Amino acid sequence: MDETRAGPSITTSDALVEERDLPTGVEYRGKRLWIRFSVGGKPFHEPCPKTVTSPRAASKYRNERIAEQTGGNGGSGRGKVQTALEAVLARYARDGRRSLDSARGRAKAVAAALGHVRIVDLTPRMIDRVTAGWRAGGLTPASCNRRLKILIRGLNLLVEAREIAFAPHVPLLVEDSPPGRYLTPENLEAIVENLPDHLHGLVRVAYQYGVRKRQLACTLRRYVDMDAQVIAWPASETKTGAPHVVPLDEDALAIIEAGMEAARPHCLYLWHAPDCKPGRSPNKRFGCIGDFKKSFRSAVVAAGLPYGRKGGIIFHSTRNSAASNLVRAGVGEAVAMKLTGHITAHVFRRYAVEDAAAVESRRAALEQRAAYLKSLSTTRKVVPLRPRKAAATTAGATKG
């Protein structure tokens with residue numbers, strides 16, 4: 001026996017235990033399973049009941065103990081997915097988020113599928129089954145991910161509040177949605193011709209600057225500075241939570257001037273509906289002008305163009321088109337993003353649809369590379385190598 005080895009001896013059974021692939025926080029002490037976790041900075045290390053005989057059962061018991069320590073098994077529904085959804089909606093309402101209405105709709109869909117599930121029992125496989133059902137119902141991967149991100153945000157809020165110890169993994173889908181359709185100036189004119197008169201200016205400004213529908217529709221006259229010739233939306237009116245300032249060019253200035261001259265003393269908004277009058281309550285989402293989705297859809301169809309998100313035209317197509325026109329005109333990305341109100345370059349590049357000229361410029365680059373390689377083959381001299389046998393003969397003659 002080699003006595004030079006230091007440290008405690010390890011039996012064969014102990015070595016087998018060490019080689020086992022145990023779940024996180026689960027360990028063996030002899031033949032007994034133990035669990036280890038911490039809640040609020042307080043560590044816990046305790047044995048499993050004798051009825052728990054497998055590592056998988058020990059992991060489930062560990063999750064239950066964590067839920068107990070965090071109050072997740074209360075009879076009022078605490079520790080369920082519904083709690084996470086309520087937390088994120090409460091935060092959105094507190095912060096005055098403009099996307100609260102859409103968040104409510106997404107949270108409602110998640111609650112219908114998972115609201116009754118305890119957070120400790122939430123698994124990626126369960127999420128996959130739910131998203132598969134949504135996809136079968138016609139939902140796109142992007143729409144599924146928007147619902148799941150509401151759930152992720154709610155889970156993280158519960159972790160911040162120390163109501164749960166950890167947030168389970170929620171897998172997202174790979175998004176393969178195509179970029180929005182580009183509106184040519186001819187398409188725009190055909191659509192505007194079929195719109196009611198009170199929408200003409202708003203749609204033209206949207207095409208020039210790519211401002212989001214809700215932000216543009218809710219523009220107040222006090223956001224317009226005619227001396228500086230700019231519109232300055234405060235952070236409270238933008239989706240990104242950052243101020244958005246755009247200068248007015250000649251065409252946009254003429255439209256805004258007409259809107260300011262047609263201002264109605266009883267109404268604070270820049271854009272008005274035909275039935276705007278004292279005592280009429282504005283639309284909660286789109287101000288005085290209201291939601292004109294039906295009017296825009298009818299105008300697109302009347303112009304002989306396809307309508308809809310899947311390969312058709314919607315109002316948001318004006319945003320894609322504005323970004324594309326700026327890029328095609330050679331405007332720098334940073335400046336273009338300031339005009340459209342984009343925060344991240346990744347999203348802006350999805351909106352900026354390239355034209356045929358961009359593809360042709362790449363083709364020209366390939367032709368330029370081919371010409372360069374061809375010039376190398378004609379200018380360089382090719383020096384042939386001497387045959388090995390001849391070289392050996394020459395070397396022998398020199399030696400002799």
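So here's what we get for this one:
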| quantity | calculated |
| --- | --- |
| Subset tally (residues that are surrounded by fewer than 14 Cβ atoms within 10 Å (Cβ to Cβ), aliphatic (A, V, I, L, M) and within 13 Å of Asp197 (Cβ to Cβ)) for the range 253-280 | 2 |
| Test: Ala112 is among the aliphatic types (A, V, I, L, M) and either touching a Phe, Trp or Tyr at 6+ places or on another chain (Cβ under 7 Å) or not in a helix (DSSP H, G or I) (or both) | no |
| Index of the failed condition, His200 passing every other in (1) touching a helix residue (DSSP H, G or I) at 6+ places or on another chain (Cβ under 6 Å); (2) over 23 Å from Ala273 (Cα atoms); (3) surrounded by fewer than 19 Cβ atoms within 10 Å (Cβ to Cβ) | (2) |
| Where Gly210 falls short, out of the listed (1) closer than 18 Å to Asn325 by Cα; (2) touching a Pro at 6+ places or on another chain (Cβ under 8 Å) | (2) |
| Residues (in contact with a helix residue (DSSP H, G or I) (Cβ under 8 Å, 6 or more places away or on another chain) and either among the acidic types (Asp, Glu) or surrounded by 12 or more Cβ atoms within 10 Å (Cβ to Cβ) (or both)) located in the range 83-98 | Thr83, Ala84, Leu85, Glu86, Ala87, Val88, Leu89, Arg91, Tyr92, Ala93, Arg97, Arg98 |
| Residues of the range 21-44 that turn out to be touching a strand residue (DSSP E or B) at 6+ places or on another chain (Cβ under 8 Å) and among the hydroxyl-bearing types (Ser, Thr, Tyr), as a count | 2 |
| In the range 1-53, residue modelled with the highest pLDDT [restricted to those that are among the aliphatic types (A, V, I, L, M) and assigned to a loop (DSSP other than H, G, I, E, B)] | Val52 |
| Selected residue (only one of Arg125, Arg162 is part of a helix (DSSP H, G or I) and at pLDDT below 95) | Arg125 |
| Every residue from the range 189-212 that is among the charged types (D, E, K, R) and in contact with a Leu (Cβ under 9 Å, 6 or more places away or on another chain) | Arg204 |
| Candidate set: the range 91-110, residues that are modelled with pLDDT of 95 or more and among the aliphatic types (A, V, I, L, M); chosen: the one nearest to Lys284 (Cα to Cα) | Ala107 |
| Residue count, the range 230-244 (criterion: surrounded by fewer than 16 Cβ atoms within 10 Å (Cβ to Cβ) and either at pLDDT 95 or above or more than 18 Å from Leu202 (Cβ to Cβ) (or both)) | 9 |
| Residue among Glu257, Glu261, Glu237 that alone is of a type outside the set (Ser, Thr, Tyr), free of Cβ contacts under 8 Å to residues at least 40 places away in the same chain and within 17 Å of Tyr209 (Cα to Cα) | Glu257 |
| Whichever residue in the range 203-229 is of a type in the set (Lys, Arg) and farther than 26 Å from Asn187 by Cβ and, among such residues, is surrounded by the most Cβ atoms within 10 Å (Cβ to Cβ) | Arg221 |
| Meets criteria (over 29 Å from Ala232 (Cα atoms), surrounded by fewer than 20 Cβ atoms within 10 Å (Cβ to Cβ) and in the same structural domain as Gly259 (by TED's automatic domain parsing)) for Arg285 | no |
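Let's see how each residue does on (1) surrounded by 19 or more Cβ atoms within 10 Å (Cβ to Cβ); (2) closer than 29 Å to Thr240 by Cα; (3) of a type in the set (Lys, Arg):
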| position | (1), (2), (3) |
| --- | --- |
| Lys60 | no, no, yes |
| Gln69 | no, no, no |
| Val81 | yes, yes, no |
| Lys108 | no, yes, yes |
| Ile119 | yes, no, no |
| Pro124 | no, no, no |
| Ala132 | no, no, no |
| Gly137 | no, no, no |
| Ile150 | yes, yes, no |
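The values are calculated or read from the model by the stated rules, or taken from the named source; none is laboratory data. Quick caveat: nothing in here was measured; it's all calculated off a predicted structure. Counting neighbours? That spans all protein chains shown, and the Cβs are built from the backbone with ideal geometry, glycine included.
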